[in-house]
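The structure appears below as structure tokens.
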Amino acid sequence: MSRKALRSASRFAKDGDYARACEILSQAEQRSRDPRLTLQRANILLGANLPHEARELLEGFVNEYPASAVGHLFLGIALFDCGEFTLAEREFGATQEIDPSNELVRGYRALAQVASGGFEEGYASLSRMGFPSNTGFRIRLTQWMEEQWIESGRFFSPRSVLEHLRSSASETSCRWRTRTKARKLFARRQYEEFLRSMVPLLETKRIQPSDLYACAIALELLCDYRAALELLDRLDSQDQELDPVRAARARCLIRFGQYESAIPLIEKILVIGPEDFGINYYLGLLSLAQEDVSRAREFFRRSYEDYLVDTLDFQFWQIQHALAVDSELRKTSSPAPAVTDGLSN
């Protein structure tokens, strides 16, 4: 009987009918003490962005099943989603005592530490063990960091990267060799080194459009959105109508808070194939800015499931880089070299 209810609830939840899925499980719980029924209902509540309901359900569950690692893990996630980061960190710690080798639990505990004020300890843990590949973890990390950006400009505020690189780059007489080396650096996602190699070519008028675009993407990922837009402006009118270029411009405008200018560009973009140019991620960000968390999470989920490789190469790379930059700034106690004024029209 439990298996039938679990399968049926999964189908309804997959179709987005969370209420019906929970109803099926709740009815089954009245006939059976199978703990899987309650855990699945809690998981569905979390997926439906109902963390307070999930928390109440799970607090009763862990009282009845104190040795359930999954129960404690789900409760920790519910507490995190409720914004109770300190309580979540404690719950993940309790989960670790039950299941000390679980990498996802360690990842969530580190994330809760980062969010609750123990940034250095939490970030050091993530750096040491790596970021869990779990989609739910990536979504919550993304949501928390983007909420920090929306509230205070933390992590992704504009920086002046290109001018610094221009002042530190050395001149080279062999541009062909420089370009070949730079392409390899870009492919390895060493974006700052890539830009430093490309500085001599950027000063020329004959630089190829593909190189201009690549430099703009690298600058965007390093949060120099103004310089990225200036390079995109150097492309001819035909190239500026290409979807990847439109998307890059829209992403930079969003980071300057110019949502109304970015949305028409996004609406023109046709997403086919394995790349979405960060569109789902940034639609999630726009939804988050409108305080529509459920919709934001759905867009973030699409970016980490349907367009995973594209997202890992760019948006998730930027997340990891932003955390590293924040950590270094904390160590030196120096303010971020941010440009917080909006982009002039």
Could you tally the net charge around S125, taking each other residue with its Cβ under 10 Å from the Cβ of S125, Lys/Arg +1 and Asp/Glu -1? +1
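In whole percent, what relative contact order does region 131-247 give with Cα contacts below 8 Å and a gap of six or more residues?
23
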About the Cα centre, charge dipole magnitude for the chain (Lys/Arg +1, Asp/Glu -1 at Cβ), debye: 1040
Given Cβ charges of +1 for Lys and Arg and -1 for Asp and Glu, the option among Y304, L286, Y259 whose Cα lies farthest towards the positive end of the dipole of region 162-332 is Y304
Take Q27 and E241, extend 7 Å from each Cα along the Cα→Cβ direction, and tell me the distance between the two endpoints in nm. 5.7
A student asked for the Cα radius of gyration and Dmax of region 1-72 in angstrom ought to give 11.4, 32
Can you sort K181, K331 from fewest to most other Cβ atoms within 10 Å of each residue's own Cβ? K331, K181
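As an exercise, identify the trypsin sites (Lys or Arg not before Pro) in region 87-163 lying in DSSP coil whose Cβ has no more than 16 other Cβ atoms within 10 Å. Please report the intermediate quantities before stating the final value.
On the way: sites: R90, R106, R109, R128, R138, R140, R154, R159; in loops: R154.
Sparse-neighbourhood loop trypsin sites (Lys or Arg not before Pro): R154.
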Using just the helices of the chain, give the 222 nm mean residue ellipticity in deg cm²/dmol: DSSP H runs with n ≥ 4 each add -39,500 (n - 2.57), and the total is spread over all residues, rounded to 500. -22500 deg cm²/dmol
Spatially proximal aspartates and glutamates relative to K268 (Cα-Cα < 17 Å; intrachain offsets below 8 disregarded): D239, E241, D243, E260, D276
Once both axes come from the Cα atoms, what is the angle between helix 175-187 and the longest principal axis of the chain, in degrees from 0 to 90, rounded to 10? 10
Would you list which lysines come within 25 Å of K205, measuring only between C-alpha atoms, while excluding same-chain residues fewer than 8 positions from it? K181, K184
Can you give the longest run of the chain that contains no GluC sites (Glu not before Pro) sitting in a DSSP loop with at most 16 other Cβ atoms inside 10 Å? 1-170
Treat every Asp and Glu Cβ in region 162-332 as -1 and every Lys and Arg Cβ as +1, leave all other atoms uncharged, and give the resulting dipole magnitude about the Cα centre to the nearest 20 debye. 720
Counting other beta carbons within 10 Å of each Cβ, put M198, M145, M129 in order, fewest first. M129, M145, M198
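Against the 2.2 N^0.38 Å scaling, with N counting residues, where does region 50-166 land? I'd like the Cα-based Rg ratio to two decimal places. Each step should come with its number before you reach the end.
Details: Rg = 16.1 Å, N = 117, 2.2 N^0.38 = 13.4 Å.
Normalised Cα radius of gyration, region 50-166: 1.20.
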Let me have the relative contact order for the chain, percent, based on Cα pairs under 8 Å that are six or more residues apart. 12
Span from the region 195-261 Cα centroid across to the region 303-317 one, whole angstrom: 20
Quick check: the angle from helix 191-202's long axis to the longest principal axis of the chain, C-alpha only, nearest 10 degrees? 20
With semi-axes √(5λ) of the Cα gyration tensor in Å in mind, check [x] 43, 22, 17; [y] 35, 21, 20; [z] 40, 23, 18 and report the label derived from this structure. [x]
Under the √(5λ) rule applied to the eigenvalues of the Cα gyration tensor, what semi-axes describe the equivalent ellipsoid of region 201-345? Give them in Å, descending. 23, 22, 15
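Readers should treat all values here as calculations from the given coordinates under stated rules, not as data from a laboratory. Model, not experiment: these values are computed from the prediction. Because the Cβ atoms are built from the backbone with ideal geometry, glycine has one as well, and the counts that use them run over all protein chains shown.
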